[in-house]
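Following: one structure in structure tokens, then a few remarks.
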């Protein structure tokens, strides 16, 4: 029989195709990508998915429609840098060592991104980090120094060089994130953290958003004129719209060297200054003509605060929508877990305040939304209590990496997959910073209905709230005889959590408490 090369190559080629096809079928699917977007001081009260009527947030709301919104997401310590340290480590501030913004983060410790790197993930952090340290655990990073600036911001690169980029920081951060995604090794999964400066004080909107809410009048919160009865710490703070918001620095009128902080205004180029000055000069002229004082002045300040804050948030929302669209266009959306959260909540005039820090709901509770096609059912509302320390174990479990026992958070993946698990019955909080805005250090426990807080150092005070009857936390019922049994149970649970999370400082303070 005559040998046929033609037949040989035909059969060989067919076998090769068959083997290749079989190999492709048994090849493991690409591990999921992870995109974490962290904003600064973004209030859940200003997000449509949380029922807000203040503004429309189509970018963020996409995550709720196509994924889930967490109605009970909390932070361990409501302050900028420490919150990010908790996200990276999955541990409370007293364990990761970064208790307040005066600290320096030890990046050499175990971080979830380092474990992802070892598992083959490409990792990056772009934008605001605010940890006062050289990033570790990232294949690529480009970060704002400290708080960063809204206009023409500086970025520190991996070479140690500081580069000034022209434009608006929220737009630039998104552009840099997409640029990295375009240039990375697409054969590997990625974990990218995008850190936005918005909506941090001093609320400088993008040029295109100036005046966006000028025709809108915002109703005062019901407790705007809170007298702080029964709440010592609330009465002694320095974060009120009436007394603490500055006309020049915060509200950009009476344009002295304090306008927007000289360091912010002087970074602008001539074109940017021209647009900004024209807009705020008009506001200033109107303000002077009113000759306001007393409550009328306070309420004017509130309206200006709201207008600038929400206009700053508009760019944040737009850029989140842009990043989601990028994932769609590049075909990566279906295999990417997206988590959006703020580093903490923020006051939108509740109790007459702006800022954060307190364990009261508006700053303790943070917005958190997630999308993971095929896993999280679109339109889901999670009522389980979750925390920012849960992100690290969630990312590790998703990547198939063992969660170290030292991590104090809980993976949310079983929640995403609708698997039965024991939900938290309580969350623990500890705020350390003493002096800033005169907020007294405190720690406490929150259950689904009650909250117990211990203030210390500056003043030794306890507070107890029934959140079902008093959702705005206006009446401290500590030592109310009607709540004697509830109070005892909360004290017991607080001590248990202090022991569980190894908070030795708090343990000393409650050791002899009845």
Run the quick spin-label model on residue 217 and residue 179: label points 7 Å from Cα toward the beta carbon, then report their separation in nm to one decimal. 4.6
Could you work out the helix-only [θ] at 222 nm for the chain, with each DSSP H run of four or more residues adding -39,500 (n - 2.57) and the total divided by the number of residues, to the nearest 500 deg cm²/dmol? -10500 deg cm²/dmol
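Out of all Cα-Cα pairs in the chain, roughly what percent, to the nearest whole number, are more than 31 Å apart? Before the final figure, lay out each step's value.
Numbers: 62648 of 131841 pairs.
In whole percent, the share of Cα-Cα pairs in the chain beyond 31 Å is 48.
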Beta bridges by DSSP in the range 91-227, antiparallel share as percent, to the nearest 5: 30
Any chance you could list P(r) for the range 42-134, counting all Cα-Cα pairs in 10 angstrom bins from zero, rounded to whole %? 14, 33, 33, 18, 1
Mind jotting down the distance between the C-alpha centroids of the range 487-513 and the range 47-81, whole Å? 31
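What shape does the range 315-447 take by its C-alpha gyration tensor, where a ≥ b ≥ c are the square roots of the eigenvalues and a/c under 1.5 counts as rounded, a/b above b/c as prolate, and the rest as oblate? Mind showing how you got there, number by number?
Numbers: a/c = 2.18, a/b = 1.39, b/c = 1.57.
Cα axes put the range 315-447 in the oblate bin.
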Calculate, in nm to one decimal, what residue 157 and residue 508 gain on full extension: separation in residues at 0.36 nm each, minus their alpha carbon distance. 122.0 nm
Restricting to the chain, compute how many DSSP beta bridges are antiparallel as a %, nearest 5. 50
Using alpha carbons only, how many degrees (0 to 90, rounded to 10) separate the axis of helix 270-290 from the longest principal axis of the chain? 30
Mean 1/r over distinct Cα pairs of the range 430-510, inverted to a Kirkwood Rh in Å, yields 13.3
Could you pull out which residues in the range 156-182 have an amide N less than 20 Å from a spot 7 Å beyond the Cα of residue 269, following the Cα-Cβ vector? 156, 162-176
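What order, most packed first, do the peptides 294-300, 204-210 have when packing is the mean number of other Cβ atoms within 10 Å of each residue? It would help to have the intermediate numbers written out before the result.
Numbers: 294-300: 14.3, 204-210: 19.9.
Highest to lowest by the protection proxy: 204-210, 294-300.
Calculate, for residue 108 and residue 495, the FRET efficiency according to 1/(1 + (r/R0)^6) with r their C-beta to C-beta distance and R0 41 Å; round to the nearest 0.05.
Step by step, r from the Cβ atoms, then E = 0.80.
For a test of the definition: using alpha carbon positions, the gyration tensor, and the 1.5 limit on a/c, classify the range 216-372 as rounded, prolate or oblate. Show your work: numbers first, answer last.
On the way: a/c = 2.45, a/b = 1.25, b/c = 1.96.
It is oblate, given that a/c is not under 1.5 and a/b is not larger than b/c.
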Residues in the range 356-383 reached by a label modelled at residue 119 [backbone nitrogen below 20 Å; 7 Å Cα→Cβ]: 370-376
Subtracting the Cα-Cα distance of residue 480 and residue 282 from 0.36 nm times their residue separation yields 66.0 nm
Semi-axes in Å, largest first, for the range 82-215 (Cα gyration tensor, √(5λ)) are 26, 20, 13
Is the range 229-303 best put as rounded, prolate or oblate by its Cα gyration tensor, with a ≥ b ≥ c the root eigenvalues, rounded for a/c under 1.5, and otherwise prolate when a/b is larger than b/c, oblate when not? oblate
What's the center-to-center distance, using Cα atoms, between the range 168-209 and the range 399-453 in Å? 27
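Would you mind calculating the relative contact order of the chain from Cα pairs under 8 angstrom and at least 6 residues apart, reporting the percent as a whole number? Write out the running numbers ahead of the final one.
Numbers: 981 pairs, mean separation 119.4, N = 514.
About 23 percent, as a whole number.
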Residue 229 versus residue 406, label points 7 Å from Cα toward the beta carbon: distance in nm? 5.0
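Every read-out reported here was derived from the displayed coordinates using simple, explicitly stated rules and does not represent laboratory data. Every value quoted in this text rests on a predicted model; they were computed, and no experiment measured them. Here the Cβ is made from the backbone with ideal geometry for all residues, glycine too, and neighbour counts use every protein chain on show.
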